[in-house]
Structure formats: C-alpha cells, structure tokens
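The values are calculated or read from the model by the stated rules, or taken from the named source; none is laboratory data. Predicted model only: the values in this text are computed from it and were never measured. Virtual Cβ from ideal backbone geometry, glycine too; neighbours counted across all protein chains shown.
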C-alpha cells in the first residue's frame, strides 16, 4: 500500500477514519510505504507553516515507522508518461500525484487516499480510501 500525503496529514490531524484505517493496516500486518514525493510535500508544508517546529515534530512522528520508496528513473519516466497523457486528454494531474501514482503502479500497490478523484482517472491504478 502506498500512502498518499493526504492520509498522513489526516493522521496528524487526528482524523478518526484515517486513524482507524491505519490501525486496520497494522492489525492485518499489511505493508505500507510512501513515495519520496510525499516527503517533498510534507517538508513544503513545514516550511510554509507559521508553527514550523510543531509541524516538523508531527511529521517526524507520523513518518517514524514508514518506509520510503525512492524516486528511480523508471518511476520518473512513468510519472512523466502519466502526467503527459492526462494533460493531452484534458485531465491534468499535478506532478507530485503523478509521482505517487507511478510509484504505486511500478510497486504493484494500491494508493490509500481521501482524494480519490486525483488518482481514479489513471487506468490500472488501484485506489483505496477511508
């Protein structure tokens, strides 16, 4: 399972549905990871925050038990293909979501997100929500 950034943010905000879904993943011993793109998004949020030290502590806490899938050339190529194809079809996706999507596809994993519409338009991608 590839966790989308929104899922981690919801965990940090104590969203009950997100917390329950994470507990279910842990109870079922289902492996979960994040894309390196999520690290970028979280650190951008820290930098933009007026309470950056508090945000940094929350981020480090939520990331403490999560492995990261690094950006590789095949992931970057797949992300570019996804991004370009969707733009050509008038269904744009932002760069970060394209990288998260490509990571999930190449790792043969589903994406766990609240933002289904960001990911559902990518053919072959498994999307789960909470």
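The numbered conditions (1) surrounded by fewer than 17 Cβ atoms within 10 Å (Cβ to Cβ); (2) under 18 Å from residue 2 (Cβ atoms); (3) at pLDDT below 95 are all true for residue 93 except (1). Scanning region 113-130 for any residue that is touching a strand residue (DSSP E or B) at 6+ places or on another chain (Cβ under 6 Å), at pLDDT 95 or above and not in a helix (DSSP H, G or I) turns up at least one such residue.
Per-residue answers, yes or no, for (1) modelled with pLDDT under 95; (2) over 19 Å from residue 102 (Cα atoms); (3) touching a helix residue (DSSP H, G or I) at 6+ places or on another chain (Cβ under 9 Å):
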{"site": "10", "(1), (2), (3)": "no, yes, yes"}
{"site": "14", "(1), (2), (3)": "no, yes, no"}
{"site": "23", "(1), (2), (3)": "no, yes, no"}
{"site": "38", "(1), (2), (3)": "no, no, yes"}
{"site": "51", "(1), (2), (3)": "yes, yes, no"}
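Considering only region 1-30, state which residues are under 17 Å from residue 130 (Cβ atoms) and surrounded by fewer than 15 Cβ atoms within 10 Å (Cβ to Cβ). Matches in region 1-30: 13, 14, 16, 17, 19, 20, 23, 24, 26, 27, 28, 30. So, residue 39, is that one touching a residue at least 24 places away in the same chain (Cβ under 8 Å), within 13 Å of the chain's Cα centre (by Cα), within 15 Å of residue 7 (Cα to Cα) and part of a helix (DSSP H, G or I) or not? When the stated conditions are applied, residue 39 passes them.
The rows are residues; the columns are (1) over 21 Å from residue 21 (Cβ atoms); (2) touching a helix residue (DSSP H, G or I) at 6+ places or on another chain (Cβ under 6 Å).
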residue: 82; (1), (2): yes, yes
residue: 97; (1), (2): no, yes
residue: 108; (1), (2): no, no
residue: 117; (1), (2): no, no
residue: 123; (1), (2): yes, no
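In region 53-73, the residue that is nearest to the chain's Cα centre (by Cα) out of those that are part of a helix (DSSP H, G or I) and loosely packed, with under 11 Cβ neighbours inside 10 Å is 73. Of all residues in region 74-107, those being outside any helix (DSSP H, G or I) and more than 30 Å from residue 26 (Cβ to Cβ) number 4.
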